[in-house]
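Please treat every number below as a calculation from the coordinates, not as lab data. Keep in mind that what you see is a predicted model, and the values were worked out from it rather than measured. Cβ coordinates were reconstructed from backbone atoms using ideal geometry, including for glycine residues, and neighbour counts include every protein chain displayed.
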Amino acid sequence: MSRRPLDSSVPAIAVHDVSKRYGRTIALDHVDLEVAAGEFVVLTGPSGAGKSTLLNLLAALEKPDTGTIFVRGHRLGRRSRHLNRLRRVEVGLVFQLHNLIPRLTARENVEAAMFETHRGRRQRTARADELLERLDLAERATDRPPTMSGGERQRAAIARAVANQPAVLLADEPSGSLDDHSAQLVFDLFDEMRDGGATILAVSHDSRLEQRGSRVISIADLSTSAA
C-alpha cells in the first residue's frame, strides 16, 4: 500500500480556526497553521500551551471542538477506514512518552508499525533492524523497553514512527533526552526523510533541533484570537 502523490500547491498540513477544550481548560484557541510539503517546522512554546494537543489532533487521535484540519489534502474527522490508512501509511507519530509496548522487544515494537502494509515478515524484520542500527540500537534489538534507558526508548520510538517512510512526521520532543551523538543520528535521519520529500512538524524545547528546522514557530503566534 503506497501513499498517493501530493499536488505541490496543497499544504502538507493545514489547520484552520481550530479550538480544543478539556473541561474549562482551553488547550487551543482558534489556531491557524499551514506547513508546506517538505518543510521542517519546529513548534515551540511553554509547557501546557497546547503543542502536544495540536500533534494529537493532526494524528487524528482526538477531534477538535471547532475548525478544520487537513493532512496531505485529507480532511480529518471523517471515515474511520480512511483515518486508519492515514495513520498507518502517511503519518508517523513520535510520542513524548514513547508509548512503546512493554512486552515486545525493540525490534518487535518497530515491526508492529508495519503490520497490514505491503511488507512481509522478513521485510518487516529487515526494515526494523536497519533502523535500529541507524540509531545505534542494534545491540538492544531483542531487549524490552523496561530494560532500556530513556534515550534508547526515545530512539526506538523514532524508529517505529519512521518505519513506513511516512510523508508526514509528527514528533513530540524527539531529541529531548538524547545526548549529542544520539541526537545527531536522529537529525541525520530527519534530513534523509526531508531529502525524500517528507514533511516534519516537531514540538521541541531543544535548541539543537531548532537549528535544524526550516522554520521555528511559537504556538502563541498561531492563535487568531490572541490579544
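Things worth noting here:
- Extreme residue, positive dipole direction of the chain, given options Leu97, Gly23, Leu54 (C-beta unit charges): Gly23
- Quick note on the stretch 8-84: its Rg to Rh ratio, both from C-alpha atoms and Rh being the Kirkwood radius, is 0.96.
- For the chain, calculated [θ]222 nm from helices alone, where every DSSP H run of n ≥ 4 adds -39500 (n - 2.57): -8500 deg cm²/dmol
- Our estimate of slack between Thr66 and Ser149, defined as 0.36 nm per intervening residue step minus the Cα-Cα distance, is 25.9 nm.
- Per-peptide average of other Cβ atoms within 10 Å, ordering 40-52, 187-199, 165-177 highest first: 165-177, 40-52, 187-199
- Cα-based helix-to-principal-axis angle, 150-162 vs the chain, degrees rounded to 10: 80
- Charges were assigned to the Cβ only: +1 to each Lys and Arg, -1 to each Asp and Glu. The resulting dipole of the chain about its Cα centre is roughly 1220 debye.
- Amide H partners (placed H, <5 Å) of Asp143, local residues excluded: Ala106, Arg107
- Each label was represented as a point 7 Å from its Cα along the Cα-to-Cβ direction; for Thr117 and Arg21 these points are 4.0 nm apart.
- Per principal axis, descending, Cα span of the chain in whole Å: 52, 36, 35
- Nonlocal amide H pairs with Thr199, under 5 Å, H built at 1.01 Å: Gly38, Val168, Leu169
- Selected from Arg24, Arg208, Arg153 as most flexible by GNM, with the chain as the system and alpha-carbon contacts under 10 Å: Arg24
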